[in-house]
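To start, the structure itself, in structure tokens.
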Amino acid sequence: MPTLSLCMITKNEELLIENCLNSVKDLVDEIIIVDTGSTDNTKTIARKFTNKVFDIKWNDDFAEARNQSLKHATREWILILDADEELDELGKKRIKQAINNQTTEVYSLPQLHYTNQFINQTGFQHINHPKFKGYFVSEVIRLFRKQEGLRFDYCVHETILESAKRLGKKIASLDAPIHHFQETKGMGNIHQKQENYFRLSMKNISLYPNYAKSYHDIAIYYSNYKQDQNKALEYCRKAVSLEYKLEYILNLVYRLRDLEKYHEAINIIQEALKKFNDERLFSVLGYIYYTTKEYDHAINSYSSALKLSNNKEKIKNIIEKIKMERAKV
């Protein structure tokens, strides 16, 4: 039976770390905690679950800290979590199945970011939850077989993607959601975290100028936290020029939309649709056509989005609204 190590890095996580560790203690065979300078009860709580709690000096480099945690792991497989994340029972079952099947050595998992912010943005999933209005989803590589050469890169938004590529490893998607509750620590914590991530993303660019995600992250920072859409657009363009990835294309299109650069946005969406058959592309295209009063095009775009949507009622209501507007013309 394959064995599994949980590897975490922490700093002042007393509010949430116990929930995290309780959610995985029956899944993993070993818990590794690398602490970067906690001054609260984080380490005391962690020691309820493991005696493998290690202190390291923080050097403004998340990859370095992650790699230190990997050095202490002794099991076959590695699971990466942060203290403000949890797994559910179905996700744990699927992780067990994946490492038992051993058909793949590296897995990306969906990360559900629970939030009460930006609820009107495309991609936001509304839910019935006592604390959160919904969530956004991103993909993160968090499960992999321990082996020489598989390590984290980049100072922030660190990933093993580059080393996996160097080793010729294929990455498979595993539907074992990671539930991310960072807003539980308060929006003040979120804003402070974003400022820190911005600084480290700029450091990333100086060290790794061809890493597209850093430009994408800085664009989000300027858009969401500084409300500077022109500066955000500059970094969006750079991200897409480095890597033609759907997430980066959508961010670029949203910035063009917000700046009312509709013609350029339409051209980029139409080009992207040749490669990505994605609801969000059709929806933002429909929104732009509706804004420019091209109602037939808007209805056609939203109808295409409807075929791909899990929230069909919402899009049906939008289409009906556009039809009513068209009838007035």
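Computed from the coordinates by the stated procedures, all read-outs in this text should not be read as laboratory data. Nothing here was measured: the structure is a model prediction, and the numbers come from that model. When we count neighbours, we look across all protein chains shown, and the Cβ atoms used for this are built from the backbone with ideal geometry, even at glycine.
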For this session: Past 19 Å, Cα to Cα, is the threshold; run Lys213/Lys238; Lys131/Lys307; Lys92/Lys131; Lys11/Lys185; Lys96/Lys245 against it and keep the listed order.
Result: Lys131/Lys307; Lys92/Lys131; Lys96/Lys245
Problem set entry | Full-stretch length increase - Asn310, Gln125 - with 0.36 nm per residue and alpha-carbon distance subtracted | 65.6 nm
Problem set entry | Over 21 Å [Cα-Cα, the stretch 4-185], rounded percent | 50
For this session: Could you check what % of the DSSP bridge pairs in the chain are antiparallel, to the nearest 5?
Result: 50
Exercise. For the chain, what is the charge dipole size about the Cα centre, in debye to the nearest 20, if Lys and Arg each add +1 at the Cβ and Asp and Glu each add -1 at the Cβ?
Worked result: 600
For this session: Mind pulling the angle between the C-alpha long axis of helix 246-258 and the longest principal axis of the chain? Nearest 10 degrees, somewhere in 0 to 90.
Result: 50
Seminar exercise, completed: Longest principal axis of the chain (C-alpha) makes with the long axis of helix 62-72 (C-alpha) an angle, in degrees to the nearest 10, of 40
Exercise. Whose amide H sits under 5 Å from the amide H of Asn41, counting only residues 5 or more places off or on another chain, with H placed in the peptide plane?
Worked result: Glu14
Problem set entry | In nm, spacing of pseudo-spin labels at Asp29 and His297 (7 Å Cα→C-beta vector) | 5.9
For this session: Return the loop-located trypsin sites (Lys or Arg not before Pro) in the stretch 17-47 (DSSP other than H, G, I, E, B) with at most 14 other Cβ atoms within 10 Å of their own Cβ; answer none if there are none.
Result: Lys25, Arg47
Exercise. What is the calculated FRET efficiency for Asn22 to Lys165, with r their C-beta to C-beta distance and R₀ = 41 Å, to the nearest 0.05?
Worked result: 0.75
Problem set entry | Phi-based couplings in Hz for the stretch 210-220 (Karplus 6.51, -1.76, 1.60; Gly and Pro marked x) | 9, 8, 4, 4, 4, 5, 4, 5, 5, 4, 5
Exercise. Which distance in nm do the two modelled labels at Asn224 and His72 give, with both placed 7 Å along the Cα-to-Cβ direction?
Worked result: 3.0
Exercise. Extension gain His263-Gln102, at 0.36 nm per residue separation less the Cα-Cα distance, in nm?
Worked result: 53.2 nm
Seminar exercise, completed: DSSP beta bridges in the stretch 4-185: the antiparallel percent, rounded to 5, is 50
For this session: Enumerate the whole-percent occupancy of each 10 Å bin, from 0 to the last occupied one, for all C-alpha pair distances of the chain.
Result: 5, 22, 31, 25, 12, 4, 1, 0
Problem set entry | Formal net charge of residues neighbouring Glu264 (Cβ-Cβ distance under 15 Å; K, R +1; D, E -1) | 0
Exercise. Against the longest alpha carbon principal axis of the chain, how many degrees, from 0 to 90 and to the nearest 10, is the axis of helix 187-207 turned?
Worked result: 90
Exercise. Expressed in nm to one decimal, what extension gain is obtained for the pair Lys11 and Gln192 from 0.36 nm per residue of sequence separation less their Cα-Cα distance?
Worked result: 63.8 nm
